[in-house]
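The values are calculated or read from the model by the stated rules, or taken from the named source; none is laboratory data. This structure is a prediction, so every number in the text was calculated from the model and none was measured. Every residue, glycine among them, receives a Cβ derived from its backbone with ideal geometry; neighbour counts consider all protein chains shown. With ligands, DNA and RNA removed, areas are computed over all heavy atoms of the protein, side chains included. Shrake-Rupley method; radii C 1.70, N 1.55, O 1.52, S 1.80 Å.
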Amino acid sequence: MALSDVAMVERDEDGIAAVLGILKQRFGERLQTGASVREQHAHTTTYIPTQAPDGVVFPETTEEVQEVVRACAAHRVPVIAFGTGTSLEGHVNAPGGGISLDTSRMNRILAVHAEDLDCVVEPGVTREALNTHLRDTGLFFPIDPGANASLGGMAATRASGTNAVRYGTMRDNVLALTAVMADGRAVTTARRAKKSAAGYDLTRLLVGSEGTLGIITSLTLKLYGIPQAISGGVCPFPSVEAACNAVIATIQMGIPVARIELVNQLQMRAIKQHSGLDYPESPCLFVEFHGSEASVAEQAESFGEIAAEHGGGPFLWTSVAEERAKLWKARHEAYWASLTLRPGAKGLSTDVCVPISRLAECIAETEADIAGMGLIAPIVGHVGDGNFHVLVLMDASDPREVAQAEEFVGRLNMRAISMDGTCTGEHGIGQGKMGFLEHELGEAVDVMRSIKTALDPQNILNPGKILPR
Ligand SMILES: Cc1cc2nc3c(=O)[nH]c(=O)nc-3n(C[C@H](O)[C@H](O)[C@H](O)COP(=O)(O)OP(=O)(O)OC[C@H]3O[C@@H](n4cnc5c(N)ncnc54)[C@H](O)[C@@H]3O)c2cc1C
């Protein structure tokens, strides 16, 4: 299914003009309609075409979000929540125009309950800002998509990243949230208790809903103690299969790795060029352990032994913070490093996730497919969870290259689904993955449609996302 088939939303010129008038009067300069601001608030991260909203509004409170949503509801105009715009599947595009609701001014940390290991934040707080604020408390928030994303956007995409193998994803770390629903009501989904069996789990319904069911205006998040000791390093392997098999053995043996990231040979070349890391140009695992001095040393030794059994090594590890920071900075910049492999090219970024026992097979088949099609497409993965990403570098102005990349992505997603996996482990559906949802979940998608219709009968909240028509 082509993107154009699934992402159509009709424009209502009169409704949009009416809402722009109302918002201009109410918000003044906090409503922006200039072309460059509107384009910055549409999809900009990958080859998916930019579809700009008609205006961008910057509310500062839940009540102001309610006012925006009520104005949009009265005129049936789309309203698209916007965090930092780093999502990768066209999530923030406005296929039928409408209003982008930018949460960047809702950036207050409302409370830190150190004794309960939780905090309450507004949605525009970024993960780096939260961790900077927490630094002196001895606590941290572990979820780290490579980008410095907003916590509202991270909840809305059910984001994860390198630490998820140890700390879980946003699904596991949002205790409660407040959201403005399509009719303008603000609801709070839970209290701060660590557990609750009180009614339907609206927190988890809204986490991952990509702004299609409600606009999050505050979040209660779990926090963790900064580990007493952290060790980590890089281990080269003769092949991707060998590296994956070492990961499988590590997870199955119950070694509590905090991060275990695969970088394939081409990705390692890009990282070495971009960040100057001095490691062999071969598939590598970037690994990190959290715990006491003794336990991180023990974990590192055990991992080194497993790696050697699979032909990997030497596993060089360190507890020195600056050296680790350099490694993880290089890993987090993998996306930008990849773009240097083909200057001027656009990236088609895709992620899939499979049960860990199928990981080696899935990546090996994918690498063979890349080679067979002659694509330039490095692979990185949060492989402790069975999750990996491929970035296909292409000339987005060449329809043949775009079609070839989409054909590859189609096969990759169907391969993951056929292995009892998913078409997205963490990036979400947005526009880019809509064509795969029914293949993966069948009639469950009808139930999702019923939920959407019940909660947003006018389809004003981020229309044209997640659910194929
Ligand atoms: C270099 C790079 C590396 C990345 N690595 C990872 C990774 O490792 N793991 C990972 O999970 N992701 C990764 N991503 C993807 C991206 O960072 C995540 O999807 C992130 O969670 C998006 O947050 P954001 O603030 O940018 O949201 P946006 O892009 O602004 O919005 C994303 C979606 O959330 C909705 N939304 C935003 N705010 C709200 C709100 N307050 N209420 C309701 N809906 C809202 C939007 O409408 C949209 O549908 C990466 C992206 C880049 C560019």
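Select, from 317, 336, the only residue that is at pLDDT below 95, open to solvent by 30 Å² or more (accessible area, probe 1.4 Å), part of a strand (DSSP E or B) and out of contact with any Leu (no Cβ under 6 Å at 6 or more places or on another chain). Quick ask: steps written out before the conclusion?
Details: 336 fails: part of a strand (DSSP E or B).
Matching residue, one of 317, 336: 317.
Could you grab me the full set of residues in segment 100-129 that are under 21 Å from residue 193 (Cα atoms) and assigned to a helix (DSSP H, G or I)?
Residues of segment 100-129 under 21 Å from residue 193 (Cα atoms): 109-123.
The answer is 114, 115, 116.
Cβ-Cβ below 9 Å, separation at least six or inter-chain, first residue in segment 192-206 and over 24 Å from residue 112 (Cβ atoms), second of a type outside the set (Ser, Thr, Tyr) and open to solvent by 80 Å² or more (accessible area, probe 1.4 Å): which pairs?
Short answer, once both residue conditions are applied: 198/191.
The conditions are (1) closer than 24 Å to residue 469 by Cα; (2) part of a helix (DSSP H, G or I); (3) within 11 Å of the ligand (Cβ to nearest atom), and residue 92 fails exactly one of them. Which is it?
(2)
Output the residues belonging to segment 46-86 that are within 21 Å of residue 216 (Cβ to Cβ), of a type in the set (Val, Ile, Thr) and open to solvent by less than 40 Å² (accessible area, probe 1.4 Å).
Correct list: 56, 57, 62, 65, 68, 69, 77, 79, 80.
For segment 120-142, give me each residue that is open to solvent by less than 10 Å² (accessible area, probe 1.4 Å), in contact with a helix residue (DSSP H, G or I) (Cβ under 7 Å, 6 or more places away or on another chain) and more than 8 Å from the ligand (Cβ to nearest atom).
121, 125, 130, 141, 142
Residues that are of a type outside the set (Asp, Glu), under 30 Å from residue 422 (Cβ atoms), open to solvent by less than 60 Å² (accessible area, probe 1.4 Å) and more than 24 Å from the chain's Cα centre (by Cα): does segment 321-328 have at least one?
Step one: of segment 321-328, the residues of a type outside the set (Asp, Glu) are 321, 324-328.
Next, from what is left, pick out any that are under 30 Å from residue 422 (Cβ atoms): 327-328.
Add one more test, that the residue is open to solvent by less than 60 Å² (accessible area, probe 1.4 Å), and what stays is 327-328.
With the extra rule that they be more than 24 Å from the chain's Cα centre (by Cα), the set shrinks to none.
There is no residue in segment 321-328 that is of a type outside the set (Asp, Glu), under 30 Å from residue 422 (Cβ atoms), open to solvent by less than 60 Å² (accessible area, probe 1.4 Å) and more than 24 Å from the chain's Cα centre (by Cα).
Identify, please: which residue in segment 144-186 is among the hydrophobic types (A, V, I, L, M, F, W, C) and within 20 Å of residue 78 (Cα to Cα) and is, among those, nearest to the ligand (Cβ to nearest atom)? First the steps, then the outcome.
Step one: of segment 144-186, the residues among the hydrophobic types (A, V, I, L, M, F, W, C) are 147, 149, 151, 154-156, 159, 164-165, 170, 174-177, 179-182, 186.
From the residues that got through so far, the ones that are within 20 Å of residue 78 (Cα to Cα) too are 156, 179-182, 186.
Values: 156: 3, 179: 7, 180: 8, 181: 11, 182: 12, 186: 12 Å.
Only one residue fits best here, namely 156.
When you scan segment 242-276, how many residues do you find that are assigned to a loop (DSSP other than H, G, I, E, B) and buried (at least 17 other Cβ atoms within 10 Å of the Cβ)?
Going residue by residue through segment 242-276, those that are assigned to a loop (DSSP other than H, G, I, E, B) are 253-256, 264, 276.
Next, from what is left, pick out any that are buried (at least 17 other Cβ atoms within 10 Å of the Cβ): 255, 264.
Count: 2.
From the list 52, 71, 94, pick out the single residue that is over 28 Å from residue 141 (Cα atoms) and either over 23 Å from the mean Cα position of the chain (by Cα) or without any contact (Cβ under 8 Å) to a residue 40 or more places away in the chain (or both).
Numbers: 52 fails: either over 23 Å from the mean Cα position of the chain (by Cα) or without any contact (Cβ under 8 Å) to a residue 40 or more places away in the chain (or both); 94 fails: either over 23 Å from the mean Cα position of the chain (by Cα) or without any contact (Cβ under 8 Å) to a residue 40 or more places away in the chain (or both).
It is 71.
Looking at segment 372-405, which of the residues that are of a type in the set (Asp, Glu) and without any contact (Cβ under 8 Å) to a residue 60 or more places away in the chain is farthest from the ligand (Cβ to nearest atom)? Show your work before the answer.
Initially, segment 372-405 is screened for residues of a type in the set (Asp, Glu), giving 385, 395, 398, 401.
The next check asks that each one be without any contact (Cβ under 8 Å) to a residue 60 or more places away in the chain; those that pass are 395, 398, 401.
Values: 395: 20, 398: 23, 401: 21 Å.
Checked segment 372-405; the qualifying residue farthest from the ligand (Cβ to nearest atom) is 398.
Every residue in segment 210-241 that is open to solvent by less than 10 Å² (accessible area, probe 1.4 Å) and closer than 19 Å to residue 279 by Cβ, please.
231, 232, 233, 234, 235, 237, 240
Taking residue 167 as the residue in question, decide whether it is at pLDDT 95 or above, aromatic (Phe, Trp, Tyr) and over 25 Å from residue 62 (Cα atoms). If you could, list the steps in order and put the result at the bottom.
Numbers: at pLDDT 95 or above: yes; aromatic (Phe, Trp, Tyr): yes; over 25 Å from residue 62 (Cα atoms): yes.
Judged against the criteria, residue 167 is a match.
Within segment 98-112, identify whether any single residue is open to solvent by less than 30 Å² (accessible area, probe 1.4 Å), more than 9 Å from the ligand (Cβ to nearest atom) and either basic (Lys, Arg) or closer than 24 Å to residue 32 by Cβ (or both), and answer yes or no.
Yes, some residue in segment 98-112 is open to solvent by less than 30 Å² (accessible area, probe 1.4 Å), more than 9 Å from the ligand (Cβ to nearest atom) and either basic (Lys, Arg) or closer than 24 Å to residue 32 by Cβ (or both).
Could you tell me whether residue 358 is within 24 Å of the chain's Cα centre (by Cα), away from the ligand (no atom under 16 Å from the Cβ), open to solvent by 30 Å² or more (accessible area, probe 1.4 Å) and under 30 Å from residue 418 (Cα atoms)?
Numbers: within 24 Å of the chain's Cα centre (by Cα): yes; away from the ligand (no atom under 16 Å from the Cβ): yes; open to solvent by 30 Å² or more (accessible area, probe 1.4 Å): yes; under 30 Å from residue 418 (Cα atoms): yes.
Yes.
Looking only at segment 427-455, count every residue that is open to solvent by 20 Å² or more (accessible area, probe 1.4 Å), within 16 Å of the ligand (Cβ to nearest atom) and not in a helix (DSSP H, G or I) and tell me the total.
2
For segment 304-312, indicate whether the set of residues that are more than 30 Å from residue 43 (Cα to Cα), assigned to a helix (DSSP H, G or I) and open to solvent by less than 10 Å² (accessible area, probe 1.4 Å) is non-empty.
Here is the first cut: in segment 304-312, the ones more than 30 Å from residue 43 (Cα to Cα) are 304-312.
The next check asks that each one be assigned to a helix (DSSP H, G or I); those that pass are 304-309.
From what's left, open to solvent by less than 10 Å² (accessible area, probe 1.4 Å): 306-307.
Looking through segment 304-312, at least one residue is more than 30 Å from residue 43 (Cα to Cα), assigned to a helix (DSSP H, G or I) and open to solvent by less than 10 Å² (accessible area, probe 1.4 Å).
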